[in-house]
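K.L.:
Okay, handing you the structure first.
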């Protein structure tokens, strides 16, 4: 919250600090990112005329503005708070108590590392923008500021645990989990994020205006079929060549995925200092972010088909760190444990929860007609789509109906695995068939409960219980317990409501 700056007996000039002298350059580069792609296309394709260079005037204005922003940004480190002065035309003074800061994030891309600087973000719960964002500080100043905030939070945490009679954590940093190079490669093979690179390439080709991607695909298809025709291959050989092309495409996707994983998760380390967790990762760009463990609101444990082949699992968390939705998905703390064996994952989760609540050994099944509810709507959609395609296009479209037995198998397997658990302090649900997912949270972290019933739910006497936490975002999957019997849902909601109302939120 902004407020008038308090008077100090000490000279202001001795307390105030500036950003790094090159901070204006990094602010300028950040603002120019939106102009970078059009200018690159203009440079290499040679399209357009001189009138398209008028936006460069705006670039010059942004450069001047960035310099003024550097000279107007000041911050002071006091005993219990950080005071930030900013603004070119509109001056703002922010007093940020150290106790309010929940997440300290330090980012270094390649250019940052060349100049030995870093970008610092200070985030608090309850907001969608950082409390302070410093572009950029010298690496030494950034580390000193991070250490100051972390030490202050640890002192407060130690005092609070001592007052409750609990044993305080060690002051030494403890490494909880690390990823070796082979684990990062496995992560790349599993997460299949190479499609992001291909999607970005397609987007760039469309922005170029020359239909580069369309011409490339057309040329590739013509080459493939022209090559097969020149060899006088039959239909079966043509099908084999198409299958080979698909395999090559999938192989390229996996290669891109591994490269992205190496760039993002190289030298991954999860450590703990007191009650604060810190994640550090990255090859070219180094990211380090930390938050108090109590800020973790909900957990998502995932095990896909490839996870099981490698005997690994992944853990994501929702945290009440107050970051924007688009930043939440980029936060290093989102993927708290990218990859670990089931035994290692269970040990880490039990540590995070601070009790013996995990792993859960007793699960309760859902409604007996769960498989019907999971099967009817998708099967009905496939049935209508198949009928329409068969009538208006071709009789071969009836092959769509072959998906119906697959949907039935999926519904049966999904309902056999789906279950929920309710312990004294924990609520959890598991779902999936080829991929398995567990969502769970401490009951004291729940913010809201709601019961929902659709038309088919009322037909089968079902209801779904939706659980909301402070860290939930539109980017995270819904935390729900689906397809409970109506009586079971009402009882569970009453029990959870009572526990929530009788206990304070551990923020």
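K.L.:
Taking residue 163 as the residue in question, decide whether it is crowded, with 17+ Cβ neighbours inside 10 Å, at pLDDT below 75, over 23 Å from residue 309 (Cβ atoms) and not assigned by TED's automatic domain parsing to the domain that holds residue 260.
P.N.:
no
K.L.:
Restrict the check to the stretch 71-87 and report whether at least one residue is modelled with pLDDT of 85 or more, in a strand (DSSP E or B) and under 28 Å from residue 354 (Cβ atoms).
P.N.:
Scanning the stretch 71-87, I find no residue that is modelled with pLDDT of 85 or more, in a strand (DSSP E or B) and under 28 Å from residue 354 (Cβ atoms), so the answer is no.
K.L.:
Check the stretch 88-106 and report whether any residue there is modelled with pLDDT under 75 and more than 23 Å from residue 336 (Cα to Cα).
P.N.:
Checked against the condition, which is being modelled with pLDDT under 75 and more than 23 Å from residue 336 (Cα to Cα), the stretch 88-106 yields at least one hit.
K.L.:
List the residue pairs whose Cβ atoms are under 9 Å apart, where the first residue sits in the stretch 83-98 and is closer than 19 Å to residue 147 by Cα, the second is part of a helix (DSSP H, G or I) and at pLDDT below 85, and the two are 6 or more positions apart or on different chains.
P.N.:
Cβ pairs passing all conditions: 83/15; 98/148; 98/149; 98/152; 98/153; 98/156.
The values are calculated or read from the model by the stated rules, or taken from the named source; none is laboratory data. Small disclaimer: the values here were computed from a predicted structure and weren't measured. Cβ sites come from the backbone with ideal geometry, for glycine too, and all protein chains shown count toward neighbours.
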